[in-house]
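First the structure, which I've put down as structure tokens, then a few questions once you've had a look.
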Amino acid sequence: MPTLEATKDRRIRKDERVNFRVSSAMKSVLVRAAEVSGRSLTDFIAFSAFSAAQKAIEEAEQLQLAEEDRIVFLDALSNPPAPNDALKAAATRYRKLVE
């Protein structure tokens with residue numbers, strides 16, 4: 001996936017178009033934001049949309065990983081492995097300590 005930094009290179013050929021309609025109030029806000037950012041309206045909208053898209057993808061992927069981790073964790077709780085020798089020894093030391 002391209003990064004925002006890579007898309008800032010003005011030498012990259014831009015062949016694709018995205019068209020959409022907005023209300024006049026929304027356009028006024030976008031124009032003002034572009035002005036205070038020192039960007040053209042097109043650049044401001046493109047970079048803002050790109051940043052939001054990357055964030056949405058990243059959050060969705062993190063949620064997916066979190067779900068997979070949850071499944072692995074619950075499986076480990078439901079089907080714990082048999083205690084090994086080190087765990088048994090630690091339990092014995094603990095019992096002696098608290099008696």
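Which numbered condition trips up residue 83, out of (1) exposed (fewer than 10 other Cβ atoms within 10 Å of the Cβ); (2) not in a helix (DSSP H, G or I)?
(1)
Take the residues of the stretch 13-48 that are of a type in the set (A, V, I, L, M) and surrounded by fewer than 10 Cβ atoms within 10 Å (Cβ to Cβ): which is modelled with the lowest pLDDT?
18
Does any residue in the stretch 12-30 that is closer than 16 Å to residue 46 by Cβ come within less than 7 Å, Cβ to Cβ, of a residue that is part of a helix (DSSP H, G or I) and of a type outside the set (Gly, Ala, Ser) six or more places away or on a different chain, and which pairs are these?
Listed by first residue and then by second, the contacts come to 30/41; 30/44; 30/45.
Only residues that are at pLDDT 95 or above and under 30 Å from residue 19 (Cβ atoms): list them for the stretch 49-91, please.
Result: 49, 50, 51, 52, 53, 54, 55, 56, 57.
The values are calculated or read from the model by the stated rules, or taken from the named source; none is laboratory data. A quick note: this is a predicted structure, and the numbers were derived from the prediction, not measured. Positions of Cβ are backbone-derived with ideal geometry, glycine not excepted, and every protein chain shown enters the neighbour counts.
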